[in-house]
Amino acid sequence: MKKVPLCIIFVFLFCFFKFPDEFKANELKYKDENQPISFEIEILPWETAKDILPKGKKFTVIDVETGQQFNVQRRAGSRHADVQPLTTKDTKIMKEIYDGKWSWKRRAILVKVGDQFIAASMHGMPHGGGALQNGFPGHFCIHFLGSTTHRSGKMDKVHKLMILKAGGKEEEYLHTVTPYELIEFFATAINYQDEHLLKLVIAPTKKQSQLNKIIRQFSYFRINRISYLPSEDLAGQLIVEVPVEVKFRTDKDGKVTRNITFILRKMGPLDRWKLDTEHFSNQIEGTYENLNE
């Protein structure tokens, strides 16, 4: 057996006792092994993040999907961070990230402040007031784990999913999601035309192109009413049918209110729920009986 040099053992013991926190497992940290520079991404609660990013603090936003980054300043916000791009150049980069159109779509981001990388989520819709000369008409919002919206006072579920995506724990979280939450994510994917979110929630299908065509037809898609089963009734189930009343609009049909049934499946007891989109497509296309008629 090959002996380990004493100098290596000494260095390890020195680091362990001098920096013990660096060797502790932390489920809220994600080390990205694929990056050329090793760094840790932290998933921090809002109560901690807001102290790291006090009002007036400048920092960098990195979009996880594209890798593009721009500089911002936190201007306000008590339940989450109200933020503005620093310059017209930063505004231009942010708009490029959103394909040239301002949008409420949530995106996974990393907040870089000093040598810290914090998982977060942003939307891309200017609203409210803004004071910087940056060509951005208002401010936008950045959410951290546990931050809430003004309207609901609760954490937005898609912001939470994007935060965990940024922290490398997206799939872990989806294993905890109920069929009803998955349906909400599906509706959000339609409204945002978000292909990444759509792929996360649906079962693999040979009719993906047909589904994409249907999805693109919606101007909006809303869950009006949903029938919930008691949580104990879901235990051990591998398939569940959920009756839902939906309201949507397409250029072809105009405004429509319809009762449909979502089918959600697990491939096994340890798998997570996924939505059967072929059944959904057939109902929307009218091959199943419309329960409103």
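A short reminder: the numbers here are calculations on the coordinates, not readings from a lab. Owing to the predicted nature of the structure, the values given are computational and were not obtained by experimental measurement. No Cβ is skipped: glycine too gets one built from the backbone with ideal geometry, and neighbour counts run over all protein chains shown.
Taking other C-beta atoms within 10 angstrom as a stand-in for reagent exposure, TRP102, TRP46 fall in the order TRP102, TRP46, fewest first. When the pairs LYS105/LYS266; LYS207/LYS274; LYS154/LYS207; LYS95/LYS274 are compared against a 26 Å limit on Cα-Cα distance, LYS105/LYS266; LYS154/LYS207; LYS95/LYS274 fall above it. Taken over the range 28-170, the convex hull of the Cα atoms encloses 102 Å³ per residue.
Here the peptides 229-240, 58-69 are ranked by packing, the mean other Cβ count within 10 Å, and the order with the highest first is 58-69, 229-240.
The trypsin sites (Lys or Arg not before Pro) found in the range 79-137 that occupy coil by DSSP, while having at most 11 further C-beta atoms within 10 Å, are LYS101.
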